[in-house]
1. If you take log10 I(q)/I(0) by the Debye sum over Cα atoms at q = 0.11, 0.13, 0.23, 0.25 Å⁻¹ from the coordinates, which of [x] -0.31, -0.44, -1.16, -1.28; [y] -0.34, -0.48, -1.34, -1.46; [z] -0.49, -0.60, -1.13, -1.28 do you get?
2. Relative to the longest principal axis of the C-alpha atoms of the chain, give the angle of the C-alpha long axis of helix 84-93, reported between 0 and 90° and rounded to the nearest 10°.
3. Once neighbouring chains are kept in place and the probe is 1.4 Å, which whole percent of the accessible area of the chain is contributed by carbon and sulfur?
4. Simple spin-label model, 7 Å along Cα-to-Cβ: K94 to S69 in nm?
5. Ranked from highest to lowest mean number of other Cβ atoms within 10 Å per residue, what is the order of the peptides 13-24, 34-45, 60-71?
6. With charges set only on the Cβ (+1 for Lys and Arg, -1 for Asp and Glu), what does the dipole of the chain come to about its Cα centre, in debye to the nearest 20?
7. Rolling a 1.4 Å sphere over the protein heavy atoms, what is the accessible area per residue of the chain, to the nearest Å²?
8. Translational D (Stokes-Einstein, µm²/s) of region 1-52 at 25 °C and 0.890 mPa s when Rh comes from the Kirkwood sum over C-alpha pairs?
Amino acid sequence: MKAIRKVNAGGKYISASLAEKLVFPPVASDKPPHENLSNREFQILCMIAQGKSLKSIAGELCVSEKTVSTYRSRIMEKMGMSSNSDLTRYALEKHLV
């Protein structure tokens, strides 16, 4: 409601979280992207790079396919990639599998 009122009055609105990101941008890291993953995310990255399906990964790890899919999304977001083939190519280039 606050945003709607401000814009309706002719102003501009920026959320607190966006303002924080603008004022304090993330610090660049010298670490390779895969080092920012949790242990489970790294494990799933390697399994995807080995060509395993989400269903087989879920079975091996005793979790749901939805859980594996969520991890996959997080991995892609953290690493700035958009497909399994991007993840696979990265893992092969870095000798992770």
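The values are calculated or read from the model by the stated rules, or taken from the named source; none is laboratory data. Just so you know, these numbers come straight off a predicted model, no measurement behind them. Cβ coordinates were reconstructed from backbone atoms using ideal geometry, including for glycine residues, and neighbour counts include every protein chain displayed. Accessible surface is based on the protein model in full, side chains and every heavy atom, while ligands, DNA and RNA are left aside. Shrake-Rupley method; radii C 1.70, N 1.55, O 1.52, S 1.80 Å.
1. Working out log10 I(q)/I(0) by the Debye sum over Cα atoms at q = 0.11, 0.13, 0.23, 0.25 Å⁻¹ from the coordinates points to [z].
2. 60 degrees
3. 54 percent
4. The answer from the label model is 2.5 nm.
5. The packing order, highest mean first, is 34-45, 60-71, 13-24.
6. With only Lys, Arg, Asp and Glu charged at Cβ, the dipole is about 520 debye.
7. Value returned for the chain: 73 Å² of accessible area per residue.
8. 165 µm²/s
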